[in-house]
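**Student:** Shown below is the structure under consideration.
The values are calculated or read from the model by the stated rules, or taken from the named source; none is laboratory data. Treat the numbers as computed from the prediction; the structure is a model and nothing was measured. Methodologically, a virtual Cβ is constructed for each residue, glycine included, from the backbone with ideal geometry; neighbour enumeration extends over all protein chains shown.
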């Protein structure tokens, strides 16, 4: 199935329907929103036997991974339904009047939250369920009371259409305005730009490449009325491993890490791309074990031929950098069709810090070992990276000055800091933070995964001396 | 006293000191932060007899207003101290591990908040205490754990220096790194641009004109690493008054509203600039009473000659718009020196909606009455404005369809909706929201007044499987 670019007129009609539905959806009850979210989860599960093979054909990710991803997507929809029922989007601060002169005295203020309005949601290629049509951005925006217009990803057009048709059916069956959910299709950049520029679009959620995200953010910023752009742009996810933990558990950790680097052919925004090791024999042995494990791995095909070409270009950039050596050399460009072999390179902290091109993500099954002479130098590597969705610290279990220095540097660099395990796999839960400093995301104060993702689509309004009838409605004039 | 522009080298040195202090201040305890905030409040009060006359000389705002503003500023500093002691910046979500396979099973996550780093704070001219050197932006950023570099406003350089010297003295007396508080001075645009572009600046807080704020936001967005720009850019603060309330209380409301329009010579970001009235004899009588009250008012001089010139240009823009008539004509440009006479104009909803130039703020003692034929048309006026710090609705006390429609439109337009009183006067409290949709502010999801202002300078970090020692520190490796 080929994707047909929607015309400007088609996009305008889709946005107009969303704008027409916005007041109704903003005023919808918790029960109405939860019913839609649960209905979408059920419909997704009911269509599993159709959708998973479709997704596999278009993505090569395999039925095991795709079934798990569909489960996660349904779990996420139901999770947001539960949060809506618990009252999250309707939470308010009741600040009663205080008698007396200002500054201590003040009128009654009821601080509530207002849905932003229609949200443009740009699907990712690498999660055809969980970060696509009915993924976390869609679920959280709907939960917040915002209509959603999905910009489908051209890497999986048939799955996109099938999922969108299913969603539209649930919206209709529940008697909701059709504009609560819309779909825009197009491979051309102009399609996304037209959508972001539409005056009725109130916010953008985006998961994808740095280049695409930064360009669309510039469009959002340049509108006559700029709108928030929640971009999750990927990252290089450094793993810092201290010698003691490598001495104790090196072989097992090497196997685990190789699995994380090659999982889904390295096509995760949380795929570990930089391994920071301190000079020590245990680190040398760990690199040997990691190289062996990667050398044995045979990842499946990448999502698209374009991604394979980008991967080849990325490892070529490493090869062209003085001071970077291969431990596991990549195959020649294009070898293996869309399925590359993994690559592992080694460099020094000084070279890494001095070479900004090495801070860019290489999307695919490749990692760069960075050797540091001291904890300070390891921390400096994190500071040079500046922004990442995750930092993993192995061996910070004891409270010492080096642990504290590394934790501080990691917290300054990342949205999530792991003290065991690997960064691939992002739990959908209350404590999650999937969003770190630039360039890993455009709004590090927000998360695109977990229940707090809903907060992106609500802004506070203070009601001063609200009349009794409005207080009785919790400040929501439905 | 004249203001001397700081050189790039001076600015770099000030930012470097802030960057050097950032880790220490981020790791400071609640007691340390609260002591600084309380110490600043005490120092401010102790220097009242010096600072208030200095402020009056530079601003013309008068001792009564300036003493009240100093009280408010000290109250604000102490209020943030109390919030820090209550643990606000150290609040965390503890999300224990759930056994089992994903998506339901997940590792332990401790979601904490991380100070952003050095904040550049641009003072406003119209609040020489409360939105200047030790105002709400400074207090909330310090409370969050961020060093602050104040960009002083050139309209009150002597007060700026005196207040900054006092702050530096408190920082030194408490044994804190000098870089916790810094000052940059300069009237040239290049000074502010250099500050915002400095790589070590992590966020910008700005209160001022739309033009200046939008320009600096573009600079923040264009950095190699963009940073959040929290701009409070002023607004036109529509007041919608329904006929029944005007029939009952018209004369008193006219006096109150005239007082709000002319308070501090109209130099408030919450000064009411548009009065939306429905066609009705009670509205006609209200306009008569408002015109009479404004005609009698004699505001004091504006803050600067440039502001007087801008006011003259703003009312000239109204005069040049077909369909706008004077009810109280302004004085000729420059009449009265820096002290203008108030102005009141009248137009129709259709003219207002069709004329974007009328949606721009006229900073000073002027208001534009907009006549609407219906509630729908009044709501359309609010929609045309699009973004305002406040909307005031008089007469929405009963629950009817018109009240609901107006409340909905007001909540979509404003950060604060008032149901009685006037928008000037912004309580510093938990329920406050001072920040509305563009163009009134650049981040409508944040507030620059009230305790929630601290949230701007913190971002979440999820600690996955945090070791016991770090959990024991509440996820803050001090």
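**Student:** Kindly establish whether residue B:449 is in contact (Cβ under 8 Å) with a residue 24 or more places away in the chain and surrounded by 24 or more Cβ atoms within 10 Å (Cβ to Cβ). I'd like the intermediate steps shown before the answer.
**Tutor:** Values: in contact (Cβ under 8 Å) with a residue 24 or more places away in the chain: yes; surrounded by 24 or more Cβ atoms within 10 Å (Cβ to Cβ): yes.
The answer is yes for residue B:449.
**Student:** Also, I was wondering about something else. May I ask you to verify whether residue B:298 is farther than 25 Å from residue B:417 by Cβ and at pLDDT 95 or above? First the steps, then the outcome.
**Tutor:** Numbers: farther than 25 Å from residue B:417 by Cβ: yes; at pLDDT 95 or above: no.
When the stated conditions are applied, residue B:298 does not pass them.
**Student:** Name the residue that is nearest to residue B:234 (Cα to Cα), counting only residues in the range B:378-394 that are more than 10 Å from chain A (Cβ to nearest Cβ) and not in a strand (DSSP E or B).
**Tutor:** The qualifying residue nearest to residue B:234 (Cα to Cα) is B:385.
**Student:** Continuing with this model, one more query. From the list A:444, A:462, exactly one residue is within 7 Å of chain B (Cβ to nearest Cβ), part of a strand (DSSP E or B) and modelled with pLDDT of 95 or more. Which is it? First the steps, then the outcome.
**Tutor:** Details: A:444 fails: part of a strand (DSSP E or B).
Going through A:444, A:462 in turn, the sole match is A:462.
**Student:** Still on this structure: For residue B:302, which of the numbered conditions (1) touching a strand residue (DSSP E or B) at 6+ places or on another chain (Cβ under 9 Å); (2) crowded, with 24+ Cβ neighbours inside 10 Å fails to hold?
**Tutor:** For residue B:302, the failing item is (1).
**Student:** Please go through (1) in contact with a helix residue (DSSP H, G or I) (Cβ under 8 Å, 6 or more places away or on another chain); (2) crowded, with 24+ Cβ neighbours inside 10 Å; (3) more than 7 Å from chain A (Cβ to nearest Cβ) for residue B:433 and return the number of the only condition it doesn't satisfy.
**Tutor:** Looking at each condition in turn, residue B:433 falls short on (3).
**Student:** Which of (1) surrounded by fewer than 20 Cβ atoms within 10 Å (Cβ to Cβ); (2) without any contact (Cβ under 8 Å) to a residue 40 or more places away in the chain; (3) at the interface with chain B (Cβ under 8 Å from one of its Cβ atoms) does residue A:421 not meet, given it meets every other one?
**Tutor:** Tallying (1) surrounded by fewer than 20 Cβ atoms within 10 Å (Cβ to Cβ); (2) without any contact (Cβ under 8 Å) to a residue 40 or more places away in the chain; (3) at the interface with chain B (Cβ under 8 Å from one of its Cβ atoms), residue A:421 fails exactly one: (2).
**Student:** I need the full set of residues from the range A:395-410 which are in a helix (DSSP H, G or I), surrounded by fewer than 24 Cβ atoms within 10 Å (Cβ to Cβ) and facing chain B (nearest Cβ under 7 Å), in order please.
**Tutor:** Correct list: A:404, A:408.
**Student:** Pull out all pairs, ordered by first then second residue, where Cβ-Cβ is under 7 Å, the residues are six or more apart or on different chains, the first lies in the range A:175-186 and is in the same structural domain as residue A:15 (by TED's automatic domain parsing) and over 11 Å from residue A:15 (Cα atoms), and the second is at pLDDT 95 or above and part of a loop (DSSP other than H, G, I, E, B).
**Tutor:** What qualifies is A:185/A:6; A:185/A:152; A:186/A:6.
**Student:** If you scan the range B:99-119, which residues turn out to be more than 29 Å from the chain's Cα centre (by Cα) and surrounded by 14 or more Cβ atoms within 10 Å (Cβ to Cβ)? Don't jump to the end; show me each part of the working.
**Tutor:** We begin by selecting, within the range B:99-119, every residue more than 29 Å from the chain's Cα centre (by Cα); these are B:99-111.
Scanning the range B:99-119 gives B:102, B:103, B:104, B:106, B:107, B:108, B:109, B:110, B:111.
**Student:** Checking the structure you have, find out if any residue of the range B:195-205 is in the same structural domain as residue B:141 (by TED's automatic domain parsing), under 24 Å from residue B:424 (Cα atoms) and either within 22 Å of the chain's Cα centre (by Cα) or in a strand (DSSP E or B) (or both).
**Tutor:** First pass over the range B:195-205, keeping only residues in the same structural domain as residue B:141 (by TED's automatic domain parsing): B:195-205.
Then drop every residue that is not under 24 Å from residue B:424 (Cα atoms), which leaves B:205.
The next check asks that each one be either within 22 Å of the chain's Cα centre (by Cα) or in a strand (DSSP E or B) (or both); those that pass are B:205.
Yes, the range B:195-205 has at least one match.
**Student:** Something else: For residues that are surrounded by fewer than 22 Cβ atoms within 10 Å (Cβ to Cβ) and within 16 Å of the chain's Cα centre (by Cα), tally how many sit in the range B:233-263.
**Tutor:** Summing the residues that are surrounded by fewer than 22 Cβ atoms within 10 Å (Cβ to Cβ) and within 16 Å of the chain's Cα centre (by Cα) in the range B:233-263 gives 0.
**Student:** So which residues in the range B:2-27 are without any contact (Cβ under 8 Å) to a residue 40 or more places away in the chain and part of a helix (DSSP H, G or I), if there are any at all? Full working, then the answer.
**Tutor:** First, pick out the residues of the range B:2-27 that are without any contact (Cβ under 8 Å) to a residue 40 or more places away in the chain: B:7, B:9, B:13, B:23.
B:9, B:13, B:23 - these are the residues of the range B:2-27 that are without any contact (Cβ under 8 Å) to a residue 40 or more places away in the chain and part of a helix (DSSP H, G or I).
**Student:** Can residue B:252 be described as out of contact with any helix residue (DSSP H, G or I) (no Cβ under 6 Å at 6 or more places or on another chain) and either within 14 Å of chain A (Cβ to nearest Cβ) or in a loop (DSSP other than H, G, I, E, B) (or both)?
**Tutor:** Working: out of contact with any helix residue (DSSP H, G or I) (no Cβ under 6 Å at 6 or more places or on another chain): yes; either within 14 Å of chain A (Cβ to nearest Cβ) or in a loop (DSSP other than H, G, I, E, B) (or both): no.
Considered against the rule, which asks whether it is out of contact with any helix residue (DSSP H, G or I) (no Cβ under 6 Å at 6 or more places or on another chain) and either within 14 Å of chain A (Cβ to nearest Cβ) or in a loop (DSSP other than H, G, I, E, B) (or both), residue B:252 comes out as no.
**Student:** Which residues, counting only those in the range B:215-232, are touching a strand residue (DSSP E or B) at 6+ places or on another chain (Cβ under 6 Å) and over 19 Å from residue B:435 (Cβ atoms)?
**Tutor:** Result: no residue meets the conditions.
**Student:** Could you say whether any residue in the range B:359-370 is at negative phi, surrounded by fewer than 22 Cβ atoms within 10 Å (Cβ to Cβ) and within 14 Å of another protein chain (Cβ to nearest Cβ)?
**Tutor:** yes
**Student:** How many residues are part of a helix (DSSP H, G or I) and over 24 Å from the mean Cα position of the chain (by Cα) when one looks only at the range A:28-38? I'd like the intermediate steps shown before the answer.
**Tutor:** Initial filter on the range A:28-38 (part of a helix (DSSP H, G or I)): A:30-38.
If we keep only those that are over 24 Å from the mean Cα position of the chain (by Cα) as well, we get A:30-32, A:35.
Selection size over the range A:28-38: 4.
**Student:** Does residue A:230 qualify as being more than 14 Å from chain B (Cβ to nearest Cβ), crowded, with 24+ Cβ neighbours inside 10 Å and not in a helix (DSSP H, G or I)? Can you show your working first?
**Tutor:** Working: more than 14 Å from chain B (Cβ to nearest Cβ): no; crowded, with 24+ Cβ neighbours inside 10 Å: yes; not in a helix (DSSP H, G or I): yes.
For residue A:230, the condition - more than 14 Å from chain B (Cβ to nearest Cβ), crowded, with 24+ Cβ neighbours inside 10 Å and not in a helix (DSSP H, G or I) - is not met.
**Student:** Consider the range A:359-390. How many of its residues are more than 21 Å from residue A:254 (Cβ to Cβ) and touching a residue at least 60 places away in the same chain (Cβ under 8 Å)? Reasoning before the result, please.
**Tutor:** Narrowing the range A:359-390 to residues more than 21 Å from residue A:254 (Cβ to Cβ): A:359-361, A:363, A:373-377, A:379-380, A:382-389.
Filter once more, so that each one left must be touching a residue at least 60 places away in the same chain (Cβ under 8 Å): A:359-361, A:363, A:373-375, A:382, A:385, A:387-389.
Counting residues in the range A:359-390 that are more than 21 Å from residue A:254 (Cβ to Cβ) and touching a residue at least 60 places away in the same chain (Cβ under 8 Å) gives 12.
One line per residue, one yes/no per condition, for (1) outside the structural domain of residue A:266 (by TED's automatic domain parsing); (2) touching a residue at least 40 places away in the same chain (Cβ under 8 Å); (3) in contact with a helix residue (DSSP H, G or I) (Cβ under 7 Å, 6 or more places away or on another chain):
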{"site": "A:75", "(1), (2), (3)": "yes, yes, no"}
{"site": "A:79", "(1), (2), (3)": "yes, yes, yes"}
{"site": "A:82", "(1), (2), (3)": "yes, yes, no"}
{"site": "A:98", "(1), (2), (3)": "yes, no, no"}
{"site": "A:101", "(1), (2), (3)": "yes, no, no"}
{"site": "A:105", "(1), (2), (3)": "yes, no, no"}
{"site": "A:115", "(1), (2), (3)": "yes, yes, yes"}
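**Student:** A further question follows. Please specify each residue of the range B:95-114 satisfying the condition of being more than 7 Å from chain A (Cβ to nearest Cβ) and either touching a strand residue (DSSP E or B) at 6+ places or on another chain (Cβ under 8 Å) or part of a strand (DSSP E or B) (or both). Walk me through how you get there before you give the answer.
**Tutor:** First, the residues of the range B:95-114 that are more than 7 Å from chain A (Cβ to nearest Cβ): B:96-101, B:105, B:108, B:112-113.
Once the filter is applied, which keeps residues that are more than 7 Å from chain A (Cβ to nearest Cβ) and either touching a strand residue (DSSP E or B) at 6+ places or on another chain (Cβ under 8 Å) or part of a strand (DSSP E or B) (or both), the range B:95-114 yields B:97, B:98, B:105, B:108, B:112, B:113.
**Student:** Take the range A:207-219 and flag every residue that is in a helix (DSSP H, G or I) and buried (at least 22 other Cβ atoms within 10 Å of the Cβ).
**Tutor:** Once the filter is applied, which keeps residues that are in a helix (DSSP H, G or I) and buried (at least 22 other Cβ atoms within 10 Å of the Cβ), the range A:207-219 yields A:213, A:216, A:217.
**Student:** A further question on this structure: Taking the range B:39-50 as the search range and keeping residues that are over 22 Å from the mean Cα position of the chain (by Cα) and assigned to a helix (DSSP H, G or I), which one is surrounded by the fewest Cβ atoms within 10 Å (Cβ to Cβ)?
**Tutor:** Going residue by residue through the range B:39-50, those that are over 22 Å from the mean Cα position of the chain (by Cα) are B:39, B:42-43, B:45-50.
Next, only the ones that are assigned to a helix (DSSP H, G or I) stay: B:39, B:42-43, B:45-46, B:48-50.
On the way: B:39: 19, B:42: 14, B:43: 19, B:45: 14, B:46: 11, B:48: 14, B:49: 8, B:50: 12.
Here the answer is B:49.
**Student:** Okay, moving on. Is one or more of the residues making up the range B:127-142 within 10 Å of chain A (Cβ to nearest Cβ), crowded, with 24+ Cβ neighbours inside 10 Å and not in a helix (DSSP H, G or I)? Steps first, answer last, please.
**Tutor:** Step one: filter the range B:127-142 for residues within 10 Å of chain A (Cβ to nearest Cβ), giving B:130.
Filter once more, so that each one left must be crowded, with 24+ Cβ neighbours inside 10 Å: B:130.
Those still in the list that are not in a helix (DSSP H, G or I) too: B:130.
Checked against the condition, which is being within 10 Å of chain A (Cβ to nearest Cβ), crowded, with 24+ Cβ neighbours inside 10 Å and not in a helix (DSSP H, G or I), the range B:127-142 yields at least one hit.
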